Amino acid sequence: MRTVPGRTDHVVVVGAGLAGLSAALHLLGAGRHVTVVERHAVPGGRAGLEIRGGYRMDTGPTVLTMPDLVEEAFAAVGASLRDRLELVPLHPAYRARFADGATLDVHTGAEAMAAEVERFAGPREALGYRRLRSWLEQLYRAQMRRFIDVNFDSPLQLLGADLARLAALGGFGRLEGRVGRFLSDERLRRVFSFQALYAGVPPARALAAYAVIAYMDTVAGVYFPRGGMHALPRAMAEAAAGAGAELRYGEAVTRLERAGDRVTAVVTGRGRVPCDAVVLTPDLPEAYRLLGRRPRRPLRLRHSPSAVVLHLGTDRTWPGLGHHTLSFGSAWAGTFREVTRTGRLMSDPSLLITRPTATDPSLAPPGRHLHYVLAPCPNTDIGPGPREWRTLGPRYRAALLAELERRGMPGLDGAVEEELLVTPADWTAWGHAAGTPFSAAHTFAQTGPFRPRNLVRGSDNAVLAGCGTTPGVGVPTVLLSGKLAAARITGVRPRRRSYDGA
């Protein structure tokens with residue numbers, strides 16, 4: 001593994017999001033002095049917080065899986081996840097609601113889920129689920145150590161027994177087709193393949209290897225931090241400060257000072273911070289701008305679809321909603337074409353509805369509720385641009401509310417007391433390329449060693465972290481990106497439990 005040459009005693013981490021805080025904790029654990037510089041007044045980055053009228057709205061990710069990666073970051077500085085954060089396992093992990101009126105609770109326990117699938121679609125599908133679960137576990141074990149939790153220096157690192165094992169498992173086939181080998185019920189296939197959209201690729205075109213995301217969701221379990229998702233970066237920042245990190249909030253980085261190919265200082269609006277190495281977590285265009293370097297790639301980066309998120313504080317809730325509810329429309333393949341190819345809004349959207357007050361009522365005033373509605377939409381490269389979204393946004397909000405009322409949430413519009421609408425125009429304003437918070441899509445040419453690397457040619461002591469670089473998009477992978485960035489600086493690969501245990 002290539003590492004940063006020369007002295008690395010003092011490292012500046014730009015950005016106090018999950019990637020930056022993970023990097024900071026692993027660097028501290030390896031004996032480095034760490035300064036974290038964050039433009040906002042609080043930690044979190046994309047995992048932000050908006051407080052309106054007593055409603056505590058998480059403005060970033062709402063699904064937390066693989067908490068052992070969080071534990072690993074805390075353990076790097078001798079801290080314990082359990083002492084700093086209460087994680088509540090969600091049962092069910094999701095509730096799926098279909099256009100035909102059927103519902104399915106997605107359990108992470110094998111027996112509970114097999115029984116639910118049998119109730120929903122019969123014993124043959126339950127047997128198929130058991131076979132699918134076994135395949136997901138094998139896929140996870142084949143990928144995690146060698147293809148996800150790893151710093152690539154060359155595509156040649158892919159070659160070997162692990163690649164052959166992944167190929168034998170069908171990892172290079174298509175996700176939708178592979179899931180279809182186990183499940184014939186089209187509704188069930190959706191539950192185990194929609195996760196591909198997190199990676200920016202429709203299930204029909206995604207590699208079957210991306211089913212590892214379904215493993216994280218449906219086998220490893222889904223959790224919720226008491227106090228909301230923003231409690232996670234707060235706890236990580238407190239652990240970093242307790243281990244000796246200097247955290248400087250409200251300081252936007254304006255430029256990097258250089259001596260030859262080395263960064264010698266990070267300059268903010270309040271002054272300069274000398275450094276021996278730097279970890280950059282902003283989205284790729286901003287990181288490259290600061291470095292004055294842009295990698296040469298044969299093809300332009302393709303970005304993931306974006307999302308409209310409607311955060312609602314309401315005076316009531318509706319029966320049948322879980323903590324996370326997948327509300328599927330009738331259409332499937334056609335809506336993915338709209339989002340990824342034609343640049344149109346989903347004509348029959350599939351939505352993720354998150355109701356965090358189902359688990360933690362303290363996030364809203366007494367007797368009130370929070371509902372977050374995530375609707376995938378085209379990014380601004382192929383769909384409406386930021387200027388169009390300023391007028392389109394309110395119309396789309398009204399359309400979403402009307403659709404939700406048709407899907408079993410009557411009176412929703414009149415129940416809203418506080419709200420926050422986030423569109424691609426907002427993601428653009430916050431510095432996210434193509435108006436998407438999900439960064440570069442996980443096409444084959446943008447995955448593993450082909451993804452933008454965390455070492456940038458021409459910069460000896462700068463390392464990237466975050467969802468645009470290795471290993472990719474999602475809370476688990478972003479946490480790993482921070483660990484991998486730290487390893488580039490320290491040369492130390494933290495010990496962790498075996499990935500061979502499912």
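The values are calculated or read from the model by the stated rules, or taken from the named source; none is laboratory data. Quick caveat, the model's predicted, so the values are computed rather than measured. Cβ: placed from backbone, ideal geometry, glycine included. Neighbour counts: every protein chain shown. For accessibility, only protein heavy atoms count, side chains too; no ligands or nucleic acids. Shrake-Rupley method; radii C 1.70, N 1.55, O 1.52, S 1.80 Å.
Volume per residue of the convex hull around the Cα atoms, evaluated for the range 52-161, comes out as 225 Å³.
Cα convex hull, the range 383-426: 73 Å³ per residue, rounded to a whole number.
Taken about its Cα centre, the range 156-234 carries a charge dipole of roughly 100 debye when the Cβ of each Lys and Arg holds +1 and the Cβ of each Asp and Glu holds -1. Taking all protein chains into account, the per residue accessible area for the chain stands at 38 Å² (1.4 Å probe). Projected onto its three principal axes, the C-alpha set of the range 194-281 covers 48, 36, 20 Å, listed from the longest axis down.
Considering only alpha-carbon pairs that sit under 8 angstrom and 6 or more positions apart, the relative contact order computed for the range 1-54 is 39 percent.
Multiplying the residue separation of Arg165 and Arg337 by 0.36 nm and removing their Cα-Cα distance gives an extension gain of 58.7 nm. Across all directions, the average flat footprint of the convex hull enclosing the Cα atoms of the range 79-236 is 11.4 nm². Normalised size of the range 1-117, defined as Cα radius of gyration per 2.2 N^0.38 Å with N residues, equals 1.45. Once the mean of 1/r is taken over each pair of separate Cα atoms and inverted, the range 330-403 shows a Kirkwood hydrodynamic radius of 14.0 Å.
Shape class for the range 234-316: oblate, because the ratio a/c of the largest to smallest gyration tensor axis (alpha-carbon atoms, square roots of eigenvalues) is 1.5 or more and b/c is at least a/b.
Karplus-based coupling profile of the range 16-23, in residue order and whole Hz: 9, x, 4, 5, x, 5, 4, 4, with θ = phi - 60° in 6.51 cos²θ - 1.76 cosθ + 1.60 and x standing for Gly or Pro.
Helical content alone sets the calculated 222 nm signal of the chain at -9000 deg cm²/dmol, taking -39,500 (n - 2.57) per DSSP H segment of four or more residues and averaging over every residue. The magnitude of the dipole of the range 1-119, with charges of +1 and -1 set on the Cβ of Lys/Arg and Asp/Glu and taken from the Cα centre, is near 580 debye.
Magnitude of the charge dipole for the chain, about its Cα centre and with charges confined to Cβ atoms of Lys, Arg (+1) and Asp, Glu (-1), is about 1500 debye.
Rounded to whole Å, the principal axis extents of the Cα atoms in the range 233-276 read 37, 20, 14, largest first. The H on the amide N of Ser306, modeled in the peptide plane, is under 5 Å from the matching H of Cys377, Asn379, each at least 5 residues off or on a different chain. Note on the chain: Cα convex hull, mean projected area over all directions, 21.8 nm². Every Cα-Cα pair of the range 332-459 was included, and the share exceeding 24 Å stands at 42 percent.
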